[in-house]
């Protein structure tokens with residue numbers, strides 16, 4: 001079994017999508033049972049205290065597994081460096097692979113770039129809940145207490161600008177018996193090297209059942225551009241019944257939080273996500289929507305709660321498709337900064353009038 005942990009829900013599902021696309025039976029679970037080829041777990045530690053993040057990742061990887069990995073944010077946000085430190089302290093040799101070339105992420109000479117912009121200077125660096133101070137993974141690792149592990153080779157930061165370099169870095173981790181802490185692209189390459197699976201086709205575009213409810217809690221400007229490009233109107237929480245009416249008529253609908261440029265507190269963000277989750281399930285229950293698309297990791301965690309999901313694969317780069325068997329609902333999740341402005345429009349092309 002391959003055990004993969006992540007610090008938020010979209011990250012867990014992204015890595016699960018990569019594994020499912022490689023042909024592995026994959027589920028998002030609260031606790032692995034050994035019944036799947038790959039079990040992915042959301043540790044929900046993106047915004048918790050560093051000490052809590054360390055404890056959660058150490059406990060999760062105290063479980064038995066043949067292979068294991070930990071998903072880090074491609075924008076270097078969260079507690080990933082502290083989580084790496086806990087894994088080193090638990091006896092794991094690590095490779096840090098922050099590249100995902102297909103999604104425009106690369107690490108060159110120890111610096112992470114998002115579409116050729118150093119990550120700390122990108123929209124990720126201005127995240128209202130997690131602003132960045134550096135574009136170099138090593139800086140965060142040293143701050144988390146990993147200077148000696150970097151110096152003695154227990155922990156290495158791996159460059160990769162292309163998919164070939166990504167596969168080579170993943171193969172190095174395999175050959176050196178390192179656990180990978182990496183992006184979805186890095187985890188996918190690592191799983192492929194361990195199982196000898198082909199990596200050529202990790203994405204399969206498929207028609208999603210309609211109507212679809214799109215829920216956006218992400219404040220990332222790319223997510224906002226994606227919902228603006230859709231051929232349907234966007235409603236906010238105070239007008240959620242408009243989304244219900246649209247879905248009942250057979251049209252797609254978007255439910256989104258309001259945007260703001262300033263920082264927000266964790267309590268405020270959590271309260272908004274909870275309100276969005278409540279409205280989402282009320283709308284789904286009454287509307288007959290067949291597909292749910294969620295943008296943003298915190299939003300996905302609030303909406304999906306403790307549900308365990310069967311992961312089917314990817315419908316776009318870094319955009320996984322899962323199924324909730326209890327609700328007979330297709331669920332697509334997307335990290336805020338993943339994709340292009342046309343991602344949602346491509347997934348939900350205009351429908352012919354009835």
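Computing FRET efficiency as 1/(1 + (r/R0)^6) for residue 49 and residue 351, where r is the C-beta to C-beta distance and R0 is 51 Å, gives about 0.65.
If you plug the beta carbon distance of residue 286 and residue 65 into 1/(1 + (r/R0)^6) with R0 = 25 Å, you get a FRET efficiency near 0.05. Fewest neighbouring Cβ atoms within 10 Å first, the residues 140, 195, 190 line up as 195, 140, 190. With Cα extents along the principal axes in Å as the read-out, I listed [x] 64, 42, 34; [y] 62, 47, 32; [z] 79, 50, 39; which label goes with the value calculated from this structure? Given [x] 64, 42, 34; [y] 62, 47, 32; [z] 79, 50, 39, the calculated one carries the label [x]. Per residue, the chain reaches -10500 deg cm²/dmol at 222 nm when only DSSP H runs of four or more residues are counted, each adding -39500 (n - 2.57).
What list do you get for 113, 2 if you sort them by fewest beta carbons within 10 Å? Mind showing how you got there, number by number?
Details: 113 19, 2 23.
In order of increasing Cβ crowding within 10 Å: 113, 2.
Each 5 Å bin from 0 upward holds the following percent of the Cα-Cα pairs of region 274-354: 3, 13, 24, 26, 21, 11, 3, 0.
Projecting the alpha carbon convex hull of region 82-174 along each direction and taking the average yields 6.1 nm².
Arrange 1, 179, 72 by Cβ neighbour counts within 10 Å, fewest through most, would you? Kindly include the intermediate steps, with their values, before the conclusion.
On the way: 1 17, 179 21, 72 29.
Ordered by Cβ neighbours within 10 Å, fewest first: 1, 179, 72.
Spin-label pair residue 238-residue 152: with each label point 7 Å from Cα along the Cα-Cβ axis, the two points sit 5.9 nm from one another. Helix 80-89 and the long axis of the chain differ in direction by around 40°, with both axes built from C-alpha atoms. Put a dot 7 Å past the Cα of residue 109, heading toward its Cβ, do the same for residue 245, and the two dots end up 5.8 nm apart. For region 212-347, take the convex hull of the Cα atoms, compute a quarter of its surface area, and give me that in nm², please. Convex hull of Cα atoms, orientation-averaged projection: 7.6 nm². Looking at the chain, the DSSP beta bridges with both ends there are about 35 percent antiparallel. Which whole-angstrom value gives the distance between the alpha carbon centres of region 74-120 and region 161-196? One Cα centre to the other: 13 Å. Specify the residue with the greatest mean-square fluctuation among 15, 193, 259, computed from a Gaussian network of the chain linking alpha-carbon atoms under 10 Å apart. It is 259. Approximating the spin labels as points 7 Å out from Cα along Cα→Cβ, the residue 258-to-residue 324 distance works out to 2.7 nm.
Just so you know, all these numbers are worked out from the coordinates, no wet-lab data involved. Since we're looking at a predicted model, the values are computed, not measured. Cβ coordinates were reconstructed from backbone atoms using ideal geometry, including for glycine residues, and neighbour counts include every protein chain displayed.
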